[in-house]
Amino acid sequence: MRRFRQPVATAGGGSPSDVTEHEPGAKRGLILTLMAVGSALLPLVVAAARAIRHRWLPVGDNAYFLIRARDVLTEHQPLLGTWTSVSFNTGTNVNNLGPLHFELLAGPTKLLGGANGLAVGAALVNGLSIVGIAVFAHRRGGPLLTTLAMAMTAALGWAMGSELLYDPWQPHNILLPFLFFIVLVWSLTCGDPTALPWGAAIGSVVLQTHLSYSIFVPALAVWGVAGLLLALRRRRRDDPDAWPAQRRWAQRAGGIAVIVGVLCWAQSIVEQFTSDGPGNITGLVTSLGEDPARNGYAYSARLMATVVALPPAWLRPSFGDAWIRSLGAGRAGGLPDPPSLALALPALGVLVAVLLLAAWVARRRDHETLLAVSLALFLLFLAFVTGAQAPISTLGLAPHQYRWLWPVAAFASFAVLATLARRLAASDSRRHTMARAFTVTAAVLMVLNLAANNQRAGPNSDQYAIAGVRELDRDLARLDRGTPLLVDNLSFGPIFDPYGTAVMASLQGHGIPFVVKDANTLRQLGPSRRFTGTNARTELLLRHGDGVRTAPIGSHRIALSEALSAVEQRELTELRDRITALIERSGLTLNRAGREASAKGELAVLRRQLQRRSIDPSPLFASRELVRLGRDRLLLLEDTWADRLARYAELQERWDRQTVALFLRPLT
């Protein structure tokens, strides 16, 4: 069997390769490599172009990224990342560690303007990560491993769905950079000092952008640097003549990495020593002393198994928020109910056994893939620990807290397939055959991911609000640009409201200054937007649904977007009247599904009324329990009435979610 020689990096930083190919073979390899990279990149380009064509707007949390990207190099320069929901656990408002993600988005946002620039910026973050993965995979194993890496990267993009490829929300936009960071760590363990400065930069971006990586990045950095030192030690022993050049190369790369790291963390350090009160790092360190409820190791194993070991594993059907909803009724506090430990542990055991078998296969003949498999096993351990230590907030456990599982699973798959591919590639012809197969796989995944696919995960699930935001934006353009407005989060919208932040982004886009006084919102927008009591004379209020009909005291309406036409509004009123008459005449009776929902503690208003044997329609309408009863068909009704109630639920939900208005009133 053909033996792969370990690549020896040169002082000039040239790309190592496991084989020396003839000119025709090298040309074919280059063509396959470029085709595979293009296949991984094209869905990003198409998705971003589609977003621009369809006039996509960021709503909900996505709009924060537009605001803060515009703030870069202005008086509102961000020094931290977004406010984090970890604050719910600690009782202290804290942010993610740094603003590098905003700064990556800032250039395209300022150059192309607004939403278009934000979409292009998010796509560029992903695209540059893909190119980086390809470059360092090529340094490790030429076209064979590059095409395989691109097939796995294309599979991760397909799992996410095309509409998340330009989504700026950090749990999504950081996935491909995290996969790039993993590849860089692998390159370090293979003895490639060139990965040092890149690892410092990409690792800093990942760690600063989301706290869920606070175990991963430091641990992987130690793993990578330790692996690099061991590799350099072996080189010094095996080739003393080449060692001086190798040492100079490593020292130069290390020095650049230190400079890059200092620059990346300078703003976070400045905030620590210049903030009003304790700095963000102090707040995070203090919060470590808190003892919030945590998932625990058994629950972590069950959640891990759903993504890394059990079908469909990390591929597309698992990525949407249905990952949570489809797993069962859920535990208290909004926690999912994943497969039992009796199923999860054997599945994880099989995965670990496959990785150990791959390590055994590669142990003598393929040093690079042995290191990849070892890293994959370490990643699974870190995922297990991170999942167990994840705190359970008052909002329960959201899917975005576990998004790192997808890159971890993708790299584990890559490590196993790389071992198999290198084992079977005993000749140039076989190597090119396998590279072609991986390129075709990437191309097929590219075609599958060209069509629009919205996984409705995170703020992307709120795209229904875009039309309303567009109408509000048109009316906001008429406001006076000289007077700051107070937009207080407590009156501006409920939690997870998609409109409030988008309206603030519209104000910013029209050059209308605004201030806030809510502490959480200040953590998002920076202390320079603090309401002092004198820096605003007018308040902007936002109302939804029925709230748009009556202006708050002392205010006047300046913008309105109604979800229903006049005909649909009359239909909704008529349906309410007819349903009220039905309830007063015949009462309500739950069907089997309704009784099951009631037994789980749902339908509280109707349950109390049934216990009193007195049905009052007004609380059922006001609480919107009738929407749930009609939408999910939980009542025992004739088909005609069931259809009417379902139609009422549809219209009422559209009215409540998509009808929005803005009001102005002077501050007193």
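For this structure, a couple of remarks:
- Here LEU486 qualifies as touching a Phe, Trp or Tyr at 6+ places or on another chain (Cβ under 7 Å), assigned by TED's automatic domain parsing to the domain that holds SER528 and farther than 27 Å from TYR166 by Cα.
- Test for GLU584: is it surrounded by 18 or more Cβ atoms within 10 Å (Cβ to Cβ), of a type in the set (D, E, K, R) and not assigned by TED's automatic domain parsing to the domain that holds THR538: no
- There is at least one residue in segment 217-235 that is within 17 Å of ASN96 (Cα to Cα) and of a type outside the set (D, E, K, R).
- Test: ARG436 is modelled with pLDDT of 95 or more, farther than 26 Å from ILE31 by Cα, assigned to a helix (DSSP H, G or I) and not aliphatic (A, V, I, L, M): no
- Helices (runs of 4 or more DSSP H) wholly inside segment 32-139 that include at least 1 residues being at pLDDT below 95, on the phi < 0 side of the Ramachandran plot and surrounded by fewer than 21 Cβ atoms within 10 Å (Cβ to Cβ): 87-90, 100-112
- Residue check, GLN389 among the polar types (S, T, N, Q), more than 21 Å from VAL222 (Cα to Cα) and either touching a residue at least 12 places away in the same chain (Cβ under 8 Å) or out of contact with any helix residue (DSSP H, G or I) (no Cβ under 9 Å at 6 or more places or on another chain) (or both): no
- Within the option set ALA559, ALA502, ALA536, ALA563, being in contact with a Pro (Cβ under 8 Å, 6 or more places away or on another chain), under 24 Å from TYR464 (Cα atoms) and aliphatic (A, V, I, L, M) holds for one residue only, ALA502.
- Selection status of THR419, assigned to a helix (DSSP H, G or I), β-branched (Val, Ile, Thr) and under 21 Å from ARG364 (Cα atoms): yes
- Answer residue from segment 272-291, given it is outside any helix (DSSP H, G or I) and exposed (fewer than 15 other Cβ atoms within 10 Å of the Cβ) and is modelled with the highest pLDDT among those: PRO278
- In segment 479-517, the residue that is surrounded by the fewest Cβ atoms within 10 Å (Cβ to Cβ) out of those that are among the hydroxyl-bearing types (Ser, Thr, Tyr) and modelled with pLDDT under 90 is THR483.
- Remark: LEU476 matches the filter, which requires a residue to be in contact with a strand residue (DSSP E or B) (Cβ under 8 Å, 6 or more places away or on another chain) and either surrounded by fewer than 18 Cβ atoms within 10 Å (Cβ to Cβ) or under 20 Å from PRO498 (Cβ atoms) (or both).
- Residue check for GLU625: charged (D, E, K, R), without any contact (Cβ under 8 Å) to a residue 60 or more places away in the chain and surrounded by 16 or more Cβ atoms within 10 Å (Cβ to Cβ): yes
- As a summary of the residue check, GLN455 satisfies the conditions (1) assigned by TED's automatic domain parsing to the domain that holds TYR64; (2) part of a loop (DSSP other than H, G, I, E, B); (3) surrounded by fewer than 20 Cβ atoms within 10 Å (Cβ to Cβ) except for the one numbered (3).
- Qualifying residue in segment 191-214 (condition: among the aromatic types (Phe, Trp, Tyr), within 17 Å of LEU263 (Cβ to Cβ) and modelled with pLDDT of 95 or more): yes
- Of ALA313, ALA301, ALA329, all but one fail to be among the small types (Gly, Ala, Ser), assigned to a helix (DSSP H, G or I), at pLDDT below 95 and over 29 Å from GLU103 (Cβ atoms); the exception is ALA301.
- Among (1) at pLDDT 90 or above; (2) surrounded by 18 or more Cβ atoms within 10 Å (Cβ to Cβ), the one test that ASP577 misses: (2)
- Which listed residue is assigned by TED's automatic domain parsing to the domain that holds LEU375 and either in contact with a strand residue (DSSP E or B) (Cβ under 7 Å, 6 or more places away or on another chain) or closer than 25 Å to TRP406 by Cβ (or both), from ALA226, ALA245, ALA250, ALA219: ALA219
- Among the residues of segment 265-275, at least one is assigned by TED's automatic domain parsing to the domain that holds GLY98, over 19 Å from LEU522 (Cα atoms) and not aliphatic (A, V, I, L, M).
- Exactly one residue out of GLN609, GLN652 is farther than 28 Å from ALA502 by Cα and either among the charged types (D, E, K, R) or not assigned by TED's automatic domain parsing to the domain that holds LEU541 (or both): that is GLN609.
- Beta carbons closer than 6 Å, at least 6 apart along the sequence or on distinct chains, never pair a first residue in segment 585-602 that is in a helix (DSSP H, G or I) with a second that is surrounded by 14 or more Cβ atoms within 10 Å (Cβ to Cβ) and of a type in the set (S, T, N, Q).
- Candidates PRO399, PRO407: the one that is out of contact with any Leu (no Cβ under 8 Å at 6 or more places or on another chain) and either over 22 Å from VAL361 (Cβ atoms) or of a type outside the set (Ser, Thr, Tyr) (or both) is PRO399.
- Of all residues in segment 335-378 being outside any helix (DSSP H, G or I) and not acidic (Asp, Glu), the one that is modelled with the lowest pLDDT: LEU335
- Only one of ASN520, ASN535 that is modelled with pLDDT under 95, under 30 Å from ALA69 (Cα atoms) and in a helix (DSSP H, G or I): ASN520
The values are calculated or read from the model by the stated rules, or taken from the named source; none is laboratory data. All of these numbers come straight from a predicted model, not from anything done at the bench. Glycine also receives a Cβ, built like all others from the backbone with ideal geometry; neighbour counts cover every protein chain displayed.
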